[in-house]
Amino acid sequence: MQKFFTHRTALLAGISCLISVIISIASYRTVGVDYQNRLDENAARAKELASYFASETVGILQYADTYVQSARREYLRSGLDGVRGYMDTVSPNRSIISHITIIDGSGRPVFNSVHEIKPGVRANDRDYFIFHRDNEGDVYLSLPQVGRNSGLLTVRYARRITNPDGSFGGVIFAAMETEPFTGFFAALNLGPASSATLVGNDRKIRARSSYGRLGPGQDISGSRLWQELETSPKGLYLQTSVVDGITRYYAYERVEGYPLIVAIGLALNDLEEQARGFRLSIYAIAGLSIIIVAALALFAIRDGYVAAALRREIGQRRRSEAELEAVNTDLTQFANSASHDLKAPLASIAGLLKFCVEDIDSGETDVARGNLVKAIDICRRSAVKVENVLKIARAARDVIPREIVNLELIVNEVWVDMTSGMEQPPELVLHLHHDEPLKGERPTLKVILENLISNAVRFQDPGKADHFVEINSRSEENILHVSVKDNGIGIPDSAKDSIFDLFSRIDERSGDGLGLSLVRKHVERMNGSINVDSSAGRGTTFTFSIPVTQGAGDENSDNRR
Amino acid sequence: MKIPIIVVDDDSTDRYIVRRRLSRSAVFGEILEASTGAEFLTEYFDEAPIETSADTPLLVLMDINMPRMNGFETIAELDRRRSDGKGPKKVDVFMYSSSESEEDQFRADSMPLVKGYIVKPFDEEDISRIEHYYSAS
């Protein structure tokens, strides 16, 4: 039992392993392909992000530019009041512009839309001031600085103030936090090795999603970006950093109309991290599902096994119940008969012995003697009857070896025994057409034929002139059919149902009524069947059929005779 | 008035036992015998059915276990013939059997003709019982 369970389990475990290996390979492959796809995707993505970055930057700067130019116009027209008036009318979008500042030609701040101007502060050294003082170029996005007041990194979108006479009149700028420029990238959560960078034509960083080793304002002249820019204002390249060893996709784009370039760097490690994470989750899922499948399978096997065992047991129980029922029927029949047929002689004996006591007391010894003899005879007959009943009981269990039998010989033996004392025995007719050699249970066949032939001989019809007993035999496949036919008085229909029952007697000639019971028990033990064809006055034919095996040589028998 | 008896039993020893026991009793008259149910019916309930005087019952001791027609079957057939008007008005049957099984006793109870159940062997006590039955009625 244990073995069966283990083999099945082992088989299923093996299958599960195979499945898990297949799933792993498949998932790895998938992830591999996926990884490559993702790389390709991410190259495209980097380019998209760069475009997006560029257009976002343009949007922000255009807004700032429009506002600054309008403010400048008002300033040039109406001075500080003009600016103030303008700003009151048109409030700047605070998510883009923190405040507006005006620095005069000498570097002194003259206006600040949100903060108090601190006396003595000069902006002469600022990059935006220097740029506009020294350059005719009109637009400048300053390097990021930590705002004095806000504490946040701020860039200044500065425009030149040119006096009506053409001299340098200072700078007007919109202070903008750098965060809005790169905020979109931070939201992507791509990991610290990836970045979005806004860099000026001067090769200095204006804004970055994360600063890391490269700080704000850092000069990145050494970057491959500048080489790439020479070939195209917009592009993509793969680069492994010598500094941190990380390979990145770089997508860049010149910001149209501004002295700025956007660059998106997507680190492959980040992608790998994601891929690894993805792979791990695939493995986890695969592993879990295999465990679940295996567990389910084991349960299924167990259940299947249990179900099979249950079915077997139910089958066995049913068979046992059927056997029990058969035994019970036999027992009931026996009990019913025994209370008559086995008990009755004892009652007769008791009655006779009581008389004997009375007779001895009264001196009637001859009568007593006679009754004692009778009692002894009844004892003897009863013992024979009991023995015959036991034979029937044993008949169900007999193990009799099969041997080559000569049916004709057996019939003749029985016939001689049966008819030797008769003055006018019936005629014996034989039509034996069965296949030879015949292998069967010799003693059993003899007992069956004895009983059937004895009945045939006994129940003669006195009304008929000639009496015969005919025995036929034939073989059909592996079944032997034998019939014993007589032209005696026959069996009335009312009695036919019970002739095979224990102690069933037709009349005085029936003897104990055990013969046919014994015959049936033997026939059934040999997996055969017996039936009767008869009616009153027509004679009787008993036919029994038993499976036999053809062939020479003995099975089971020990060659002692 | 002496009561006639018919003993129906296929066993000669059992008939002998009954005969000998009954002969000691003064209550009973003629003791007749039949060895099969068929014989009993043919002899006494057929062409020349037995007749008794109006008040005198006929006592039948009926064995159960007989070949061909058992005791109960014989009584059933007897009943049929009596409804045809054959035989005496009063018939009392006592079952006479070695069996003490409940089925047999129950079956005997269900037959109105059966007035008692005697377990073999027939002895003095059984005679007293029958005598009491008749003295009581």
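The values are calculated or read from the model by the stated rules, or taken from the named source; none is laboratory data. What you see is a predicted model, and the numbers here were worked out from it, not measured in a lab. All Cβ positions, even for glycine, are placed from backbone atoms using ideal geometry, and neighbour counts span all protein chains on display. In case anyone asks, the SASA skips ligands and DNA or RNA and just uses the protein heavy atoms, side chains included. Shrake-Rupley method; radii C 1.70, N 1.55, O 1.52, S 1.80 Å.
Applying 0.36 nm per residue to the separation of B:GLU73 and B:SER128 and subtracting their alpha-carbon distance, the gain on full extension is 17.0 nm.
With the simple model of a label 7 Å out from the Cα in the direction of the Cβ, A:ILE15 to A:VAL384 spans 7.0 nm.
Just so you know, the Cα atoms of the range A:363-471 work out to an Rg and Dmax of 19.5, 69 Å.
Farthest towards the positive end of the charge dipole of the range A:42-104, among the residues A:ALA54, A:SER95, A:VAL68, is the Cα of A:ALA54, using unit charges on the Cβ of Lys, Arg, Asp and Glu. Taking all protein chains together, A:LEU516, B:LEU58 sort by accessible area into A:LEU516, B:LEU58, largest first [probe 1.4 Å]. Connecting C-alpha atoms closer than 10 Å in a GNM of chain B, tell me which of B:MET66, B:MET111, B:MET95 has the biggest fluctuation. Checking each option, the largest mean-square fluctuation is seen for B:MET111. Positive end of the dipole of chain A (Cβ unit charges, origin at the Cα centre): among A:VAL83, A:GLY463, A:LEU152, the Cα lying farthest that way belongs to A:VAL83. For the protein assembly as shown, give the share of DSSP beta bridges that are antiparallel, in percent and rounded to the nearest 5; count only bridges with both residues there. Here the share of antiparallel DSSP bridges comes out near 75 percent.
Once the chain from A:ALA465 to A:ASN531 is taken as fully extended at 0.36 nm per residue, the excess over their C-alpha distance is 21.0 nm.
Note that the protein assembly as shown presents 52 Å² accessible area per residue, ligands and nucleic acids not counted, probe 1.4 Å.
Each 5 Å bin, from zero up to the one with the longest distance, holds this percent of the alpha carbon pairs of the range A:298-398: 3, 10, 12, 12, 10, 9, 8, 7, 6, 5, 4, 4, 3, 3, 2, 1, 1, 0, 0. The separation of the range A:459-534 from the range A:202-272, counted between C-alpha centres, amounts to 114 Å. Got a sec? Which residues in the range A:310-342 would a label at B:GLU103 touch, if it sits 7 Å along Cα→Cβ and we count backbone N under 18 Å? Inside the label zone: A:325-342.
Just checking the listed ones, B:GLU73, B:GLU125, B:GLU30: in the Gaussian network model of chain B with Cα springs under 10 Å, the one fluctuating most is B:GLU125. Within the same chain, lysines fewer than 8 places from B:LYS120 are excluded, and of the rest, those with a Cα less than 16 Å from its Cα are A:LYS343, A:LYS354.
A simple packing score, the average count of other Cβ atoms within 10 Å per residue, orders the peptides A:238-245, A:500-507 as A:500-507, A:238-245, with the highest score first.
Estimated from helices alone, the mean residue ellipticity of chain B at 222 nm is -12000 deg cm²/dmol (sum of -39500 (n - 2.57) over DSSP H runs with n ≥ 4, per residue).
The distance linking the range A:388-457 with the range A:90-135 is 137 Å (Cα centroid to Cα centroid, whole angstrom). Counting Cβ atoms of other protein chains within 10 Å of each Cβ in A:458-471 and taking the mean gives 0. Between A:ARG133 and A:PHE278, the FRET efficiency estimated from the beta carbon spacing at R0 = 60 angstrom works out to 0.65. Taken along the Cα-to-beta-carbon direction at a fixed 7 Å, the label points for A:ILE25 and A:THR332 span 6.8 nm. Here is how the number arises for chain A: DSSP H runs of 4 or more residues each give -39500 (n - 2.57), the sum is divided by the residue count, and the result at 222 nm is -17500 deg cm²/dmol.
If one computes the Cα centroid of the range A:358-373 and of the range B:19-42, what distance in Å separates the two points? Centre-to-centre distance over Cα atoms comes out at 23 Å. Note on chain A: percent of Cα-Cα distances in each 10 Å bin, starting at 0 and stopping at the bin with the largest distance, equals 3, 11, 13, 10, 7, 5, 5, 4, 4, 4, 5, 7, 7, 7, 5, 2, 1, 0, 0. Taking 7 Å steps out from each Cα toward its Cβ at A:ASP435 and A:THR66 produces label points 11.1 nm apart. Taking the Cα centre of the range A:113-269 as origin and assigning +1 to Lys and Arg Cβ atoms and -1 to Asp and Glu Cβ atoms, the resulting dipole is close to 280 debye.
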